[in-house]
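A quick write-up on the structure given underneath.
Throughout, read-outs are computed from the coordinates displayed, never taken from laboratory work. Model, not experiment: these values are computed from the prediction. Cβ placement follows ideal geometry from the backbone for every residue including glycine, while neighbour counts extend to all protein chains displayed.
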Amino acid sequence: MPTLVKKIDALLPQTQCTQCGFAGCMPYAEAIATGEADINRCPPGGTAGVQALAALLHRPVVALDLTCGPHLPHRVAVIDEATCIGCAKCLKACPTDAIIGANKFMHTVIAELCTGCDLCIPPCPVDCIVMLEDANFPALTNKDVARDRFGFHQFRLARNVQERQTLLAEKERAVLGA
Ligand code: SF4
Ligand code: SF4
Ligand code: SF4
């Protein structure tokens with residue numbers, strides 16, 4: 001990976017929320033490095049983030065692009081466990097695998113692993129996830145841990161797809177061979 005992309009990525013919050021319009025912090029870093037995207041598209045990074053990117057790239061500071069969303073204080077997701085129907089749709093959406101649970105069982109968020117990205121909210125069919133700003137809730141603010149967990153999440157999803165394809169191919173072979 002080019003050094004400039006790495007340096008840009010190091011300044012991004014690793015919330016992995018996609019509000020910048022890219023599929024995570026690293027793709028946004030790549031787009032900034034190639035000039036495809038401006039430096040003001042990261043709401044979690046806020047003005048401080050724009051200033052840091054401007055300093056790195058020797059560019060003028062510009063205002064945060066509010067079409068990407070407002071800068072909000074750090075929040076964590078909390079599941080109303082009495083309402084959760086155990087559909088597991090939030091599991092796939094969570095970039096840091098901060099949600100635990102199994103099909104048809106209640107799910108819960110490990111606050112220490114939650115980046116506050118909001119991505120689990122839209123898939124929930126019963127709207128039982130809320131984002132809370134509360135100093136008593138720990139949250140994942142360590143960028144390196146968030147980056148690593150997102151990398152493993154992507155690996156896990158790709159591996160699941162591969163395993164499903166292998167299983168389907170084996171079934172097909174069995175049917176054809178019968
Ligand atoms: S924190 Fe969200 S908006 Fe900022 S770069 Fe990462 S994915 Fe994009
Ligand atoms: S629990 Fe929800 S808000 Fe927290 S990191 Fe996962 S998807 Fe994002
Ligand atoms: S998407 Fe909502 S209902 Fe489904 S498991 Fe997650 S929290 Fe529970």
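Numbers for the structure displayed
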item	result
Contour minus Cα-Cα distance for Leu56 and Lys6 (0.36 nm per residue)	16.8 nm
For Thr108, net neighbour charge (Lys/Arg +1, Asp/Glu -1) across residues whose Cβ lies under 14 Å away	-4
Label-point gap, in nm, between Leu167 and Glu133 - each point 7 angstrom along Cα→Cβ	4.3
Counted charge near Asn142, where neighbours are those whose Cβ lies closer than 12 Å (Asp, Glu -1; Lys, Arg +1)	0
Neighbour-limited loop hits for trypsin sites (Lys or Arg not before Pro), segment 94-178 (at most 11 other Cβ within 10 Å; DSSP other than H, G, I, E, B)	Lys104
Volume in Å³ per residue [convex hull over Cα atoms, computed for segment 3-68]	69
Range in the chain, longest, excluding exposed GluC sites (Glu not before Pro) [loop by DSSP; at most 15 other beta-carbon atoms within 10 Å]	82-132
Under 12 Å, Cβ to Cβ, from Gln165 - net charge with Lys/Arg +1 and Asp/Glu -1	0
Size descriptor, Kirkwood hydrodynamic radius, that averages inverse alpha-carbon separations across the chain, Å	17.9
